[in-house]
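Data block below; observations after.
The values are calculated or read from the model by the stated rules, or taken from the named source; none is laboratory data. Here the structure is a predicted model, which is why all the values come from computation and not from measurement. Note that we place each Cβ from the backbone using ideal geometry, even for glycine, and neighbour counts take in every protein chain shown. Surface accessibility is based on the protein's heavy atoms, side chains included, excluding ligands, DNA and RNA. Shrake-Rupley method; radii C 1.70, N 1.55, O 1.52, S 1.80 Å.
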Amino acid sequence: HFRRSAMKPGLKTALVTGAGRGIGRSIARLLAEDGMQLLVTSRTQSELESLANEIRTCGGLAETMVCDFSRRSDVANLVAKLAPWDVDILVNNAGLGSSQNPRPLTDFDDDFWDTTMEVNVTAPYLLTKALLPGMIERGFGRIINVSSINAKVPALHGVAYTASKHAIAGLTKATANEIAGSGVTANAICPGVTATAMNDLRVQYDADRLQSAFEDVEKKSTPYGRRLVPDEIAPLAKFLASEGSEGINGQLINVCGGTVMAC
């Protein structure tokens, strides 16, 4: 539960949600390599401990806490545990994709809509709300929301995911507008199709829907002829977390291999 005694004063502290695997894990590792101490959360303790041990083995500092962002009580508990910490970097990465329950809009599951909004929008809002005052007071902070190109273009049979990523784009811009000039910035990363366990399910769904091979759908997912990998997304988070990124605020930056070029 985020042992305060295990960390060192003077180092920047980054909180990364959904850090157990995929994009979140890559971001956490890269920030640790950059000299930050990490607070990492996800739903699975074993994945968090594996990540923390990896960071510690390389000489970094990491503390873990299990959190299910679909439960408002878990988010409230996380916020309470963060109270003693000066969090400099907030990476809102935890998310629920369309792959868990893809359906046409007319047959969409209302409970899945609610859960998607809770995880993808409400949890980042609550963490931003909790941590932003301290960042403003200290005159430095970075809020990095991991969105998606589906904040700009729709995902077929993924109305909740598409709507939630548009909402995160709005949250990013509204936050950035309020904090401009404070030393704190808010930006969003919009990954394209990325090879993660969650996306595997989506590719398989599309393969079944199109009666195609998994590999054929994968090859068509970006102009590169392949899916991106998490380590191709993480460097942008590292830059946005840096002091040198202060001139970038309120931006939704694509990392998609050119899948979306219009916005």
Taking 27 Å as the cut-off for C-alpha to C-alpha distance, list the pairs among Lys173/Lys238; Lys8/Lys165; Lys165/Lys219; Lys81/Lys152; Lys12/Lys152; Lys129/Lys238 that go past it. Lys8/Lys165; Lys81/Lys152; Lys12/Lys152
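Ignoring ligands, DNA and RNA, what accessible area per residue does the stretch 159-233 give at 1.4 Å, in Å²?
On the way: 3450 Å² over 75 residues.
Value for the stretch 159-233: 46 Å² per residue.
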Using a 1.4 Å probe on the protein heavy atoms only, what accessible surface does Phe214 show? Give it in Å² to the nearest 10. 50 Å²
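How charged is the neighbourhood of Glu47? Take every other residue with its Cβ under 12 Å from the Cβ of Glu47, and add Lys/Arg as +1 and Asp/Glu as -1. Write down the numbers at each step before the final one.
Details: positive: Arg21, Arg25, Arg43; negative: Glu49, Glu54.
Spelling it out: positives minus negatives among the neighbours equals +1.
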May I ask you to give the percent of accessible area on the stretch 112-263 that is carbon plus sulfur, with a probe radius of 1.4 Å? 56 percent
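Within the set of other residues whose C-beta is less than 12 Å from the C-beta of Arg209, count the net charge using Lys and Arg as +1 and Asp and Glu as -1. Working shown, then result.
Working: positive: Arg103, Arg202; negative: Asp206, Asp208.
With Lys, Arg at +1 and Asp, Glu at -1, the net is 0.
Between the DSSP loop rule and a limit of at most 11 other Cβ atoms within 10 Å, which trypsin sites (Lys or Arg not before Pro) in the stretch 211-263 are left? List each step's numbers first, then the result.
Values: sites: Lys219, Lys220, Arg226, Arg227, Lys238; in loops: Lys220, Arg226, Arg227.
Those that pass, being in a loop and sparsely packed, number zero.
At 1.4 Å probe radius, can you tell me the per residue accessible area of the stretch 8-61 in Å²? Each step should come with its number before you reach the end.
Numbers: 2250 Å² over 54 residues.
Here the residues of the stretch 8-61 average 42 Å² of exposed surface.
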Rounded to the nearest 10 Å², what accessible area does Arg71 show when all protein chains are kept and the probe is 1.4 Å? 130 Å²
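For the stretch 1-100, give the percent of accessible area contributed by carbon and sulfur heavy atoms, probe 1.4 Å, rounded to a whole number. Please list the in-between numbers first.
Details: 1940 of 4220 Å².
Roughly 46 percent, rounded to a whole number.
What number comes out for the charge environment of Gln37, summing +1 per Lys or Arg and -1 per Asp or Glu over other residues with Cβ under 9 Å away? List each step's numbers first, then the result.
Working: positive: Lys8, Lys12; negative: Glu63.
Here the charged neighbours net out to +1.
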Diffing the stretch 100-109: the Karplus 3J(HN,Hα) column from phi (6.51, -1.76, 1.60, θ = phi - 60°), in whole Hz with x for Gly and Pro, holds 6, 7, x, 8, x, 3, 5, 10, 6, 7
Need the C-alpha centroid separation for the stretch 161-214 versus the stretch 23-92, integer Å. 20 Å
Please give the helix 159-179 orientation as an angle from the longest Cα principal axis of the chain, in degrees from 0 to 90, rounded to the nearest 10. 30 degrees
By average Cβ neighbour count within 10 Å, what is the ranking of 88-100, 39-51, 126-138, 157-169 from highest down? 88-100, 157-169, 39-51, 126-138
Folded to 0 to 90 degrees: helix 22-33 orientation relative to the chain principal axis, Cα: 30 degrees
At 1.4 Å probe radius, can you tell me the per residue accessible area of the stretch 77-147 in Å²? 42 Å²
FRET efficiency for Arg56 and Thr106 from the Cβ-Cβ distance with R0 = 41 Å, rounded to 0.05, comes out at 0.25
